[in-house]
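Reading through the structure tokens given below for one structure.
Read the figures in this text as sums done on the coordinates, not as results from a lab. Since the structure is predicted, the reported quantities are computational estimates derived from the model, not experimental observations. Every residue, glycine among them, receives a Cβ derived from its backbone with ideal geometry; neighbour counts consider all protein chains shown.
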């Protein structure tokens, strides 16, 4: 039952990274976009479905707290600072995207949206780095400084997450935009995807030498890990080749990057299973009782298909390219 619950948490994590990752990336991209109309068009793309994307983060936190309370109680204090900063950033970007979407031009709200997106992405990268750190645990409780996880590896992870989100954002923009914005997203997305891939390789090599290294036992685990890495490489190659403005396959870059992100995350999970955090926090010794997990699975499990349907409906309703005329007639991405 603990493994089944962990798979639910992994699903929430993957869906959040993919869905909210692209709109965080678009927000970061607005900071380096000089054209005001293009910035507003990028913001309109985000305004279509950003609230449903962030729902997976809420479900992720609730599932981790309910399913593995011992691990949650030890890991969260270690990441208090980046988590608080992330929540603040998400609140600011939520307000700013709605405000900026109601008026154009709105340079201050657009700038707030971009900065908040960057802050939230950096904070998420720092929080991810804490999962590889050696936690100080005394009598089952966290004992240490909330700044203990801050290191050069944390900074590297934060930059990697930002570049990965930026690549997803540019890929999504190329899929939805037309004209010069589409071409510019393709060129910048190629650079972002390449840089994110290089940094991800460095992070993987560094994780192998941390206090909670990747542990591959048995041929099946090694083959699964290697196969997932090959899928990740194939996804990056596909996205880089199709991100070029000359490529007419606008949906392929996003599909390739999603494949790479999902394969990479699952590969790391496979290599660390069943460890959640060091030292000795595993699925078995940190899970809630089986009866509790079964009861919670009914309540939380019923929400998963509802959220999936909402995500599908939101993206289906606003499918296709963003109409170019929406900038001149003042129509927003939410009310079209």
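Just a few scattered comments:
- Per-residue extension of 0.36 nm, minus the Cα-Cα distance of residue 230 and residue 91, leaves a gain of 46.3 nm for this segment.
- Three-way shape label, the stretch 249-320, alpha-carbon gyration tensor, a/c 1.5: oblate
- Cα convex hull volume per residue for the chain (Å³): 124 Å³
- A Förster radius of 30 Å, combined with the Cβ-Cβ distance separating residue 313 from residue 273, puts the computed FRET efficiency at roughly 0.30.
- Whether the stretch 5-159 is rounded, prolate or oblate, judged on the alpha carbon gyration tensor where a/c under 1.5 counts as rounded: prolate
- Residue of 88, 225, 309 that the Gaussian network model of the chain assigns the largest fluctuation, springs spanning Cα pairs under 10 Å: 309
- Once the Cα atoms are used to define both axes, helix 2-30 deviates from the longest principal axis of the chain by about 30 degrees.
- Extension gain for the segment residue 155 to residue 237, taken as residue separation times 0.36 nm less the Cα-Cα distance, is 26.9 nm to one decimal.
- Relative to the longest principal axis of the Cα atoms of the chain, helix 69-78 runs at roughly 60 degrees.
- Protection proxy ranking of 45-51, 69-75, 119-125 - average other beta-carbon atoms within 10 Å, highest first: 119-125, 45-51, 69-75
- Choice from 159, 58, 275 showing the highest fluctuation, given a GNM over the chain with Cα pairs closer than 10 Å: 58
- Cα-based helix-to-principal-axis angle, 179-207 vs the chain, degrees rounded to 10: 10 degrees
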